Structure formats: C-alpha cells, structure tokens
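Just below is one structure, and these are the notes that go with it.
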Amino acid sequence: MSASLAETGLPTKKSMVYVVDDDYDVVRSLRFFLETEGFEVRTFRSGSALLNSSIRGSADCLIVDYKMAGIDGLELVERLRGLDVGTPIVMITGYPDETIAAKASSAGVLHVLLKPNLEGGLVECVRNAIQSGQAANRP
C-alpha cells in the first residue's frame, strides 16, 4: 500500500481560490477567512481585472460578487464561460433577489450566498465547487 502525500509529511498543494469583489473590506475579510481555512487566495477588485489577467483560468474556484461597478458578476461569469473558463463559481451578493439565483444557475454558477454572513456556508460551498470541478475533469 502506498502512502499519501499527507502521510509522508510532504507538502500538499493548497486549492487556489480567486475572489472578485470591488469592496476592499469584503476582499480583505474573505482573503483572511479563506487563508485560515487552508486555501491559497488571489484577489481581484473588478471583473475587468480578472479578465485582463493571464491567469484567469488557473483557479480551483472563483468567488464572484454579483453587484460590482463596471462588469457585474453575472456578466463576468458569462464572459468567462464564453472564453471556455470552466472553473467552478460561487456567487456572493448583498442584494437578494428572487431572479439572481436562477440567472446565476443558468450562467453556470454552482452556489449563491448572501452577504454579510458568508462564513457559515462559504467554505462548504467552495469545497463542494472544487470537488465538482475535479470530478468534471476526471477522464
């Protein structure tokens, strides 16, 4: 029987999560929270910043705010999908609306969570999204 990386004491790769939100306090808070939960985190202050990044498809999961200046979260998701970025996405919003969840789902978003109380379900949703993304990439 072979030992896993964790059993051998060798470092294991942390999952990379990108956070896209134009609110500095939310970005800072989510970064801290996700890093304490063992994720590697990269932040973007706008949808354009992520789209202009050469690494936009290298995350294991994206957390995208719905309401942002410029490109909103739904438009960002649609543009990413149009670029064949299949990274699992969790959308966060402080503007609950009955139609957001339906629109987000049809755009390919796995979960929609309400601000400001994200900590309760965020980690579970991110882990679920990463697992679903890994399962989709298996032969």
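Tabulated values for the structure
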item: Top-ranked residue in the range 31-47 [being part of a helix (DSSP H, G or I) and not hydrophobic (A, V, I, L, M, F, W, C); ranked as farthest from the chain's Cα centre (by Cα)]; result: Thr36
item: Number of the exception - Ser48 against (1) out of contact with any His (no Cβ under 9 Å at 6 or more places or on another chain); (2) surrounded by fewer than 15 Cβ atoms within 10 Å (Cβ to Cβ); result: (2)
item: Elements of type helices (runs of 4 or more DSSP H) in the range 66-139, at least 2 residues being more than 23 Å from Arg31 (Cα to Cα) and at pLDDT below 90; result: 98-107, 119-137
item: The listed residue being out of contact with any helix residue (DSSP H, G or I) (no Cβ under 7 Å at 6 or more places or on another chain), within 29 Å of Lys13 (Cβ to Cβ), without any contact (Cβ under 8 Å) to a residue 12 or more places away in the chain and not small (Gly, Ala, Ser), out of Glu35, Glu98, Glu40; result: Glu35
item: Residue selected from the range 1-30 under the condition assigned to a loop (DSSP other than H, G, I, E, B) and of a type in the set (Lys, Arg), by the criterion modelled with the highest pLDDT; result: Lys14
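The values are calculated or read from the model by the stated rules, or taken from the named source; none is laboratory data. Please read these numbers as outputs of a predicted model, since none were measured by experiment. Backbone-built Cβ (ideal geometry, glycine too); neighbour counts: all protein chains shown.
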